[in-house]
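A.B. asks: Right, I'll just put the structure down here and ask away after.
The values are calculated or read from the model by the stated rules, or taken from the named source; none is laboratory data. Values in this document were obtained by computation on a predicted structure and should not be read as measured data. With ideal geometry, Cβ positions are generated from the backbone for all residues, glycine too; neighbour counts draw on all protein chains shown. Surface accessibility is based on the protein's heavy atoms, side chains included, excluding ligands, DNA and RNA. Shrake-Rupley method; radii C 1.70, N 1.55, O 1.52, S 1.80 Å.
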Amino acid sequence: MKKLLISFALLNLLAYAASAGETSSSGNISFDQLLSHITSAPAETAPMPEPAAEKAAFAAATEGRYWITVKAADSHARTRLLEAGFDIVEINKDSVSGIAGPELLAALSSKSFMVLSRVPLAVRAKDFPAADAAYHNFKETVDLLKQMAAANPDIASLFSIGKTTEGRDIWCLRINSSAKGEAASAKPGALYIGNHHAREHLSNEVPLLFAAWLFDHKNDADIKKYINTLDIYIIPMLNADGAEYDIKTGSYQYYRKNMSLNADKSRGVDLNRNYDSWFCEAGASTYPGADTYCGPKAFSEPESQAVKKFIEARKNLKTHISYHSYASEILYPWGGSDADVPNEKDKQVFIKVGDEMGKLTGYLSHKSSEMYVATGDSCDWAYASGGIFAFTFELEGRSFYPGAAILSSAVAKNIKAAVYLLSVTDNPYKVLP
Ligand code: 0X9
Ligand code: ZN
């Protein structure tokens, strides 16, 4: 129902914009129009009262699951918790919080972790904002990508980098004034990926709306220069299967992983534990049912395989952001080891570029492993294998489902950081004194 209403609202918006002559000269729906659609919350997109069937589905999905807080004094304790299969969602001074079902609760207690509090998930969920129709599901994401590519044929192209577990295309929007599609380019490249994790829907919106903003601003002097001299790739929804599963019933499922069927018939591999960087050595679980399950082997998953092939085929890539949520943090390698990256110049670039993007977003920039050591993450692999200056952005919010009201400010500040990354992509070492 919601999806129909969104399409209707967007059609109305487009019709209005066209009649008022407000579409950009290219005929593209503009970034401002997308944002005003989000912020004005027209009557058609107002949340519908939850029907009984949806309430029942939500109750079933959350039954026996709790929002728990567990004592954990430092990053090492946090790593042990990840290894027990606990997906850390929030980090507090001496504790962490996240979601646990009965099996995990039993495992935590057998390993002597101290559970400080537990709140049934359904109770907590009632606090979440419901007016999220402005977020883009898979079809809406693909439609918008196609529309942007079609409206900007001189600088944009769209292609699939592979299929997900369930056979959806993993779409990549490329912005480059000369090379199109999968053609090689010698221009320095920047890569933005969203939605490794299913329920982190804001991490699709940020790169998607960044693309819309770039097209809107393609004639600004600095943006024009980046479009003419760089090779820009935006893959907003890597884990489309998981993202769709998370919203399928109309009620959020708190789902993190992809949709692989595991050997024990459980669902899903944590894609951000499946890359070949100290695979499954720390901060990941070998138990298939766990939220931090690393998979049977590195790159066992079609989604991480697609990213591997994509990056390995493009030696021109210099910079990268992988979007996640939520912590308001910018993280750089290593994440799989307490050590700093061994190359001192690279380390200084990570610190400087991270700090600059931190100033633009208000996020805290620091080494990934200071949050917790977790191996197999995409940015460690991208840096180790391709020398790419790869940053994990933990976007803002106070939950995985922060509501539509957060979109305009989160997107605006992250556009600044994403543009800053473009400004150093020609030569990231130029930030050094
Ligand atoms: O655990 C993750 O994959 C990321 N956090 S999230 O809540 N989005 O799941 C953080 C990845 C940071 N990388 C490491 N610490 N290795
Ligand atoms: Zn994530």
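A.B. asks: So what are the ³J(HN,Hα) numbers for the stretch 319-329, from phi and the Karplus equation (6.51, -1.76, 1.60; θ = phi - 60°), rounded to whole Hz, Gly and Pro as x?
C.D. replies: Residue by residue, the stretch 319-329 yields 9, 7, 10, 10, 8, 9, 8, 9, 6, 6, 9 Hz.
A.B. asks: Please give the residues of the stretch 147-162, grouped as numeric ranges, whose backbone N is less than 18 Å from a label point set 7 Å along the Cα-to-Cβ vector of Glu182.
C.D. replies: Backbone N within reach: 157-162.
A.B. asks: On a full-extension model of 0.36 nm per residue, what is the gain between Arg398 and Thr249, subtracting their alpha-carbon distance, rounded to one decimal in nm?
C.D. replies: 51.4 nm
A.B. asks: Further, regarding this structure: Please work out how much length the chain gains when fully extended from Thr286 to Asn427, using 0.36 nm per residue of separation minus the C-alpha to C-alpha distance, in nm with one decimal.
C.D. replies: Roughly 46.8 nm would be gained on extension.
A.B. asks: Work out from phi, with θ = phi - 60° and the Karplus expression 6.51 cos²θ - 1.76 cosθ + 1.60, the ³J(HN,Hα) of each residue of the stretch 65-71, listed in order in whole Hz, and give x for Gly and Pro.
C.D. replies: Whole-Hz 3J(HN,Hα) from phi for the stretch 65-71: 10, 10, 8, 10, 10, 10, 5.
A.B. asks: Based on alpha-carbon atoms only, what is the radius of gyration of the stretch 303-433 relative to the globular estimate 2.2 N^0.38 Å?
C.D. replies: Ratio of Cα Rg to 2.2 N^0.38 Å: 1.03.
A.B. asks: Could you provide, to the nearest whole Å², the per residue accessible area of the stretch 212-273 with probe 1.4 Å? Walk me through the numbers on the way to the answer.
C.D. replies: Values: 2120 Å² over 62 residues.
Per-residue accessible area for the stretch 212-273 comes out at 34 Å².
A.B. asks: Shape of the stretch 380-433 from its Cα gyration tensor (a ≥ b ≥ c, root eigenvalues): rounded if a/c is under 1.5, otherwise prolate when a/b > b/c, or oblate? Can you show the working numbers first?
C.D. replies: Details: a/c = 3.68, a/b = 1.78, b/c = 2.07.
Oblate.
A.B. asks: Give me the percent of accessible area attributable to carbon and sulfur for the stretch 353-433, probe 1.4 angstrom.
C.D. replies: Taking all protein chains in place, the stretch 353-433 shows 54 percent carbon and sulfur surface.
A.B. asks: Note the full-extension length gain between Lys359 and Gln305 as 0.36 nm times their separation in residues minus their Cα-Cα distance, in nm to one decimal.
C.D. replies: This chain segment gains 16.1 nm when fully extended.
A.B. asks: Carbon-plus-sulfur fraction of the accessible area of the stretch 72-116, 1.4 Å probe, in percent? Mind showing how you got there, number by number?
C.D. replies: Working: 1100 of 2050 Å².
Of all accessible area on the stretch 72-116, carbon and sulfur atoms account for 54 percent.
A.B. asks: Quick check on packing: order 257-268, 381-392 by the mean number of other C-beta atoms within 10 Å, highest mean leading.
C.D. replies: Ranking, from highest mean packing down: 381-392, 257-268.
A.B. asks: Another question, if that's okay. Spelling out what I want: for every residue of the stretch 194-211, take phi, set θ = phi - 60°, compute 6.51 cos²θ - 1.76 cosθ + 1.60 (Karplus), and round to whole Hz; glycine and proline get x.
C.D. replies: So the J values, rounded to whole Hz, are x, 6, 4, 9, 4, 7, 8, 5, 4, 6, 7, 4, 4, x, 5, 6, 4, 4.
A.B. asks: I've got another one for you. Relative contact order (percent) for the stretch 260-361, with alpha-carbon contacts under 8 angstrom and 6 or more residues of separation?
C.D. replies: On the way: 97 pairs, mean separation 18.9, N = 102.
It rounds to 18 percent for the stretch 260-361.
A.B. asks: If you roll a 1.4 Å probe over the stretch 166-311 with all protein chains in place, what percent of the accessible area is carbon or sulfur? Display every interim value, and only then the final one.
C.D. replies: Numbers: 2320 of 4550 Å².
Roughly 51 percent of what the probe reaches on the stretch 166-311 is carbon or sulfur.
A.B. asks: Something else: Excluding ligands, DNA and RNA, what is the solvent-accessible area per residue of the stretch 78-184 at a probe of 1.4 Å, expressed in Å²?
C.D. replies: Working: 4720 Å² over 107 residues.
Accessible area per residue: 44 Å².
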